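Here the structure comes first, spelled out in C-alpha cells, and everything after it is commentary.
The values are calculated or read from the model by the stated rules, or taken from the named source; none is laboratory data. As the structure is a prediction and not an experimental result, all values here were calculated from the model. Heads up, the Cβs are rebuilt from the backbone with ideal geometry, glycines too, and the neighbour counts pull from every protein chain shown. These area figures cover heavy atoms from the full protein model, side chains too; ligands, DNA and RNA do not enter into them. Shrake-Rupley method; radii C 1.70, N 1.55, O 1.52, S 1.80 Å.
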Amino acid sequence: QVQLVESGGGLVQPGGSLRLSCAASGIGFNIAIMRWYRQAPGYQRELVAAITQAESTNYADSVKGRFTITRDNAKNTVYLSMSSLKPEDTAIYYCNAQVIITNYWGQGTQVTVSS
C-alpha cells in the first residue's frame, strides 16, 4: 500500500521558517520524482518545488531563494525547507511522488503565515 505522509506544517509569523517532511512507503522511492505542491483557498494547486532521482531541483519563481527541496533516499523522505515566509505562502502543502507514469499524493499539511 502506497502512503505519503506529510508533517511539519503549522502557524508561523511572517519572516519565519518551517520544514515540511514527507515520508513515503510502498513505492520505489529511489526512482521517484518528488514534488511539493500547494493550494490556497480559491486558487488552483500549484507546483512549488521538485527534485529528481539525481537530485536535480527546480522551483516556482515565487519561492526561489526562500525554499529548498531535499531528499533522503535512506529514509524515503523528502523535505521542503521554507524561510522568509510570507502571508501569501499560506496554503495546504501536498507531497507528490511520480514513479514512472503513476502519481501518488499525500493528504496535505496546512501552513499558515500570519502575525
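Here are a few things to note about the model shown:
- The set of residues in the range 63-105 that are of a type in the set (D, E) and buried (at least 16 other Cβ atoms within 10 Å of the Cβ) contains only D89.
- Subset of the range 79-104 (residues that are under 24 Å from G42 (Cα atoms) and in contact with an Asp or Glu (Cβ under 8 Å, 6 or more places away or on another chain)): M82, Y93, Y94, C95
- Candidate set from the range 51-74 (those that are among the hydrophobic types (A, V, I, L, M, F, W, C) and not in a loop (DSSP other than H, G, I, E, B)); member that is nearest to N96 (Cα to Cα): I51
- If the condition is being touching a residue at least 60 places away in the same chain (Cβ under 8 Å), part of a loop (DSSP other than H, G, I, E, B) and on the phi < 0 side of the Ramachandran plot, then the range 81-108 contributes S83, L85, K86, G106, Q107.
- Boolean, A60 is among the small types (G, A, S), open to solvent by 20 Å² or more (accessible area, probe 1.4 Å) and closer than 14 Å to W36 by Cα: yes
- So A23, is it of a type outside the set (F, W, Y), closer than 19 Å to T112 by Cα and assigned to a strand (DSSP E or B): no
- Every residue from the range 28-53 that is over 11 Å from the mean Cα position of the chain (by Cα), aliphatic (A, V, I, L, M), at pLDDT 95 or above and over 14 Å from W105 (Cα atoms): A40
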